[in-house]
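Worksheet: the structure to be examined is printed underneath.
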Amino acid sequence: MQRNGKPWSPYLALDRMQALAIAFNKEGNVLYHDTRVITALNQALSHWDTIKPSSTNWWENDIGVNLRFSRIGLFLENELSTEALNVIVSSPNEEGVYQGTGQNNLWYDQNAIYRALITNDADHLKKVLEECLAYILVLQTDNTTLEALQVDNSLYFHGIQFYSNGYGLSMFRDMSFWLYMLRDTSFAMSDEVVNRMSDYMLDGTRWTIRNDISELYLGYRPYKYDVEYKNYAEEYIEPLKRMMVVDLSRAEEYQVLLENVLGIEMITV
């Protein structure tokens, strides 16, 4: 079976399409507003729809492909042909419904959000945000094993496995993005969601991080040197900055943790 994120040749084609979409919108790039890009992408998406590549891994088919499709659509929603854009918007799960919790559910929800944005459907965007995204942070209060937050603000995933700095890191990164981007709009998420996020990080995960070291949960994920992270904890930097803006009541606590990660000051308890 194809493992999540492992080399899969159709991804190379999608990544090239995504790179072209970015180049088309980036001032100073040699392909900025070059109509040849749109022609190429229209043809590429038509070809994708014809051959319908499929991975042996459900995650790639249901989530990975659609994450890339969504970015292409966001960059070029007003440029692509109707047929090409339909290839993109017909692929993601429209309702963001996934029979599970945690980060996999969040990926489904995000693709549904992207679809609503691409199609300019404000009512559906509100629906997905209220019915799906706001319930990512499920708190387990009984003795049933769930992919959920625990009462000590740690995160379980794949059964009774500690994943606060694995899927939990991805969840904190992505949820902080939406909380930040939607703040002060009619789509802003509730104070309850903001408080759950802050409790998860500041009353739980922060105690697994010391300077550039974080408890590595299962320990098999490498540092993301390709995006210039020098250590594992650095992936928290931007999400922490976002949450300082989103949750002003706990901004000072986020600042302390951020300084800890950056090594500005040694924090001891």
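Quick notes on this one:
- Among (1) among the aliphatic types (A, V, I, L, M); (2) modelled with pLDDT of 95 or more; (3) in a loop (DSSP other than H, G, I, E, B) - the single one residue 1 does not satisfy: (2)
- Residue 184 being within 13 Å of residue 109 (Cβ to Cβ) and either buried (at least 18 other Cβ atoms within 10 Å of the Cβ) or without any contact (Cβ under 8 Å) to a residue 60 or more places away in the chain (or both): no
- Looking only at region 6-52, and only at residues there that are in contact with a helix residue (DSSP H, G or I) (Cβ under 6 Å, 6 or more places away or on another chain) and of a type in the set (Gly, Ala, Ser), the one that is surrounded by the fewest Cβ atoms within 10 Å (Cβ to Cβ): 44
- Restricting 228, 253 to residues that are over 12 Å from residue 210 (Cβ atoms) and at pLDDT 95 or above narrows the list to 253.
- Here residue 65 fulfils each of the conditions (1) over 24 Å from residue 109 (Cβ atoms); (2) touching a helix residue (DSSP H, G or I) at 6+ places or on another chain (Cβ under 7 Å) apart from (1).
- Here region 167-181 is the region considered, the condition is being surrounded by fewer than 21 Cβ atoms within 10 Å (Cβ to Cβ) and not hydroxyl-bearing (Ser, Thr, Tyr), and the residue that is farthest from the chain's Cα centre (by Cα) is 181.
- Within region 64-85, residues that are among the aliphatic types (A, V, I, L, M) have Cβ atoms under 6 Å from residues that are assigned to a helix (DSSP H, G or I) in these pairs: 72/17; 72/18; 72/21; 76/21; 84/42; 84/45, counting only partners at least 6 apart in sequence or on another chain.
- All of 90, 55 fail the test of being within 24 Å of residue 108 (Cα to Cα), in contact with a helix residue (DSSP H, G or I) (Cβ under 8 Å, 6 or more places away or on another chain), modelled with pLDDT under 95 and not basic (Lys, Arg), apart from 55.
The values are calculated or read from the model by the stated rules, or taken from the named source; none is laboratory data. Remember, it's a predicted structure, so these values are computed and weren't measured experimentally. With ideal geometry, Cβ positions are generated from the backbone for all residues, glycine too; neighbour counts draw on all protein chains shown.
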